[in-house]
Amino acid sequence: MTSIGGAEMVDWKLAVATATRLVRPGPEVGRDEAREVVAELRRHAKTSEEHVRAFTRMAPPPGGPEDPAARDTPVLVVDRAGWIKANVAGFRAVLTPLLEKMQDRRGGVPGGAVLGAVGGKVTGVELGMLLSFLASRVLGQYETFAPATGELPGAANGGRLLLVAPNIVHVERELEVDPHDFRLWVCLHEETHRTQFTAVPWLRDHIEGEIQAFLGETEVDPATLLERIREAAQSLAGGRPAGQEEAAEAGEGAAERGGRSIVDLVQTPAQREILGRLTAVMSLLEGHADYVMDGVGPQVVPSVAEIREKFQQRRANGAGRLDAALRRLLGLDAKLRQYRDGERFVRAVVDAVGMDGFNRVWTSPNTLPTKAEIAKPADWVTRVHGRPEQ
């Protein structure tokens, strides 16, 4: 737990316990079927690695076994509880500097006394509620920063790929698609993320540096952060945060204006600039994964067209009013846009300069696209290749 001479800002163990207790049970799967699913996901992850590297022409740089950049990252097939534990560890690693800063400030700000008494427990419970919501929705995830543990191993640089087996089974049943094709299709997307970070050694440190710079600029008082988390938790409990009742009645446009996102904690010009760069990077990574999945899919996933159409509809529609409210509050709507905008960028650049020309994006932080270039790929082509898009 993050603590500086007093009560913790977040009770991480309580967050894990709360999320594990509240998370919905997975689909009914017999023991033999569960073993088969796990084994198949592992096989598909290995097969996907070969397909993705061949299609993208990306591979870890040459180096000895002691070279962290060249070392493979593990693929872990986990249940929802395993995903929760891994993500709490990741949050803890990334957020500790910010929480220490807030710990120093909380005694002198409104709400600080309350947080001093019960804040760690309250925040732990409410973070657990949020994770219980997300744990039933994530199919796979490349974890960049979480430290390795005995239960959840990772590479020396902190990377590991998680495939959440019960969620994959749930979605393949919900969409009524071929389960073997769907599992391979999911692995292609997630393996692309694994390839991005293992083939581009500087990428992890660059993103971590941007995140820490963003957090370093944060001037949010603890009471405000707790208020945002409480709003999300109230949505999960069946309530509605202030302002969303009117927004829901006034229509979608009003909902966009009335609903507040945790990302809305951004306050300073420096934060907005950093967030713009992070948004561009995440759009690139997510869009690249979708592009690769679509590029490889037709050759190795027979029913890819059906899967893609049904999954896109599911991704766009969510799971109802509660899901939509949480997506707005957590900023997940922005993530959906990242898939779409990033995929358009990658496709346009590859069409203009080929895969090798596109791969110059991985040369250094200076060759990453800006947020404006994600929207106008021709500008990136001109800047990096010195000629306009054809």
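General observations
- For the pair K13 and R314, the difference between a 0.36 nm per residue extended length and the Cα-Cα distance amounts to 105.1 nm.
- FRET efficiency for A93 and N366, using Cβ-Cβ distance with R0 set to 41 Å, rounded to 0.05: 0.95
- Model label sites at A270 and R340, defined 7 Å from Cα along the beta-carbon direction, differ in position by 3.4 nm.
- Take 36-45, 186-195 and order them by the average number of nearby Cβ atoms within 10 Å per residue, most first; the result is 186-195, 36-45.
- Sorted by Cβ density within 10 Å, fewest first, the residues V138, V304, V361: V138, V361, V304
- Stretch gain in nm, segment T382-S303, where the contour uses 0.36 nm per residue and the Cα spacing is subtracted: 24.7 nm
Read-outs throughout are calculated quantities, based only on the coordinates presented, and are distinct from any laboratory measurement. Values in this document were obtained by computation on a predicted structure and should not be read as measured data. When we count neighbours, we look across all protein chains shown, and the Cβ atoms used for this are built from the backbone with ideal geometry, even at glycine.
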